[in-house]
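To keep things clear, I will list the structure first and then write my remarks on it.
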Amino acid sequence: MILYNITIKVEESVSGLFCTWLLEHHMPAMLATGCFNSSRLLRLLEVDDSDGPTYAVQFTAPTKILYNKYISEHAEAHRRQLEAKWAGQYVSFSSAMELIQ
């Protein structure tokens, strides 16, 4: 199983709207690709929130093949949607991890 994690720091002034958009639009769109079988939204604790909260959005792909399919066929379009809606109001980075046990 592959865990795809996107860590996002969001400006405080839009954090509520941003989370709503993630939960109602972005996360369902990523699941609709068929590449992931679950998702979750978490807030990081014990980090500097003076510029706004930091979230982790996580998706699980049952295989590396499906994760690679998402990256090659869907990731760029989803990044463009995120940027079009929230440009200048967030910073993010992503990572992929393989579940060992």
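Give L23, L41, L66 a once-over and let me know the one that is surrounded by 14 or more Cβ atoms within 10 Å (Cβ to Cβ), of a type outside the set (G, A, S), part of a helix (DSSP H, G or I) and in contact (Cβ under 8 Å) with a residue 12 or more places away in the chain. Quick ask: steps written out before the conclusion?
Details: L23 fails: surrounded by 14 or more Cβ atoms within 10 Å (Cβ to Cβ); L41 fails: part of a helix (DSSP H, G or I).
The conditions single out L66.
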Task: Sole residue being surrounded by 15 or more Cβ atoms within 10 Å (Cβ to Cβ), among the aliphatic types (A, V, I, L, M) and either in contact (Cβ under 8 Å) with a residue 24 or more places away in the chain or at negative phi (or both), chosen from A61, A32 - done: A61
Open item on the list: I want to confirm something. Restricting to region 49-72 and keeping residues that are in contact with a Leu (Cβ under 7 Å, 6 or more places away or on another chain) and of a type outside the set (A, V, I, L, M), which single residue is nearest to L3 (Cα to Cα)?
Closed with: T60
Task: Residues of region 47-62 classified as in contact with a Cys (Cβ under 9 Å, 6 or more places away or on another chain) and of a type in the set (V, I, T), total - done: 0
Open item on the list: Give me the residue from region 1-20 that is buried (at least 18 other Cβ atoms within 10 Å of the Cβ) and among the β-branched types (V, I, T) and, out of that set, farthest from Y90 (Cα to Cα).
Closed with: I2
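Here, each number is a calculation from the coordinates, and none is a lab measurement. These numbers were taken from a predicted model, which means no experiment stands behind them. When we count neighbours, we look across all protein chains shown, and the Cβ atoms used for this are built from the backbone with ideal geometry, even at glycine.
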